[in-house]
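A short write-up of the structure that comes next.
The values are calculated or read from the model by the stated rules, or taken from the named source; none is laboratory data. Model, not experiment: these values are computed from the prediction. All Cβ positions, glycine included, derive from the backbone under ideal geometry; neighbour counts span all protein chains shown.
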């Protein structure tokens, strides 16, 4: 079995956004954090969701997304996506990026 490791943990808080003339609240913008992060209640510490009717909750505190899927999206969108191993802001990035397929050990 290939080695599994977390490449990046990203968190964000709800903020106002605009699209055209629409103003809305979103927490889609996530930024990478260094070091260990605790999972408390329905979030990773420092993270939150804007609309808990469709996001978050006890069974959705952590969202794991494999690097293979991230590479697939890069190819599908025909553009490079941010390198998640670099600790800089990644708009529209998932919260946790494991190298390899997601398994129950995360």
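So which residues in segment 61-71 are at pLDDT 75 or above and under 15 Å from residue 30 (Cβ atoms)? Walk me through how you get there before you give the answer.
Step one: of segment 61-71, the residues at pLDDT 75 or above are 62-71.
Passing the criteria: 62, 63, 64, 65, 70.
In segment 72-85, which residues are under 15 Å from the mean Cα position of the chain (by Cα) and either under 25 Å from residue 24 (Cβ atoms) or loosely packed, with under 15 Cβ neighbours inside 10 Å (or both)? Walk me through it before giving the result.
Our first condition is that a residue be under 15 Å from the mean Cα position of the chain (by Cα); within segment 72-85, this holds for 73, 81-85.
Those that are under 15 Å from the mean Cα position of the chain (by Cα) and either under 25 Å from residue 24 (Cβ atoms) or loosely packed, with under 15 Cβ neighbours inside 10 Å (or both): 73, 81, 82, 83, 85.
Checking the structure you have, find out if any residue of segment 88-95 is closer than 22 Å to residue 7 by Cβ, at pLDDT 80 or above and either in contact with a strand residue (DSSP E or B) (Cβ under 8 Å, 6 or more places away or on another chain) or in a strand (DSSP E or B) (or both).
Of segment 88-95, the ones closer than 22 Å to residue 7 by Cβ are 88-95.
Remaining after also requiring at pLDDT 80 or above: none.
Within segment 88-95, none of the residues are closer than 22 Å to residue 7 by Cβ, at pLDDT 80 or above and either in contact with a strand residue (DSSP E or B) (Cβ under 8 Å, 6 or more places away or on another chain) or in a strand (DSSP E or B) (or both).
Of the listed requirements (1) surrounded by fewer than 12 Cβ atoms within 10 Å (Cβ to Cβ); (2) within 22 Å of residue 5 (Cβ to Cβ), residue 59 misses just one: (2). Restricted to segment 1-63, the set of strands (runs of 3 or more DSSP E) holding at least 3 residues that are out of contact with any helix residue (DSSP H, G or I) (no Cβ under 6 Å at 6 or more places or on another chain) and closer than 22 Å to residue 82 by Cβ comprises 5-11, 15-19.
Name the residue that is surrounded by the fewest Cβ atoms within 10 Å (Cβ to Cβ), counting only residues in segment 32-51 that are in contact with a strand residue (DSSP E or B) (Cβ under 6 Å, 6 or more places away or on another chain) and over 13 Å from residue 62 (Cα atoms). Break it down stepwise before answering.
Of the residues in segment 32-51, the ones in contact with a strand residue (DSSP E or B) (Cβ under 6 Å, 6 or more places away or on another chain) are 32-33, 37, 44, 46-47, 50.
Subset that is over 13 Å from residue 62 (Cα atoms): 32-33, 50.
Numbers: 32: 19, 33: 16, 50: 18.
Among those residues, the one meeting the criterion is 33.
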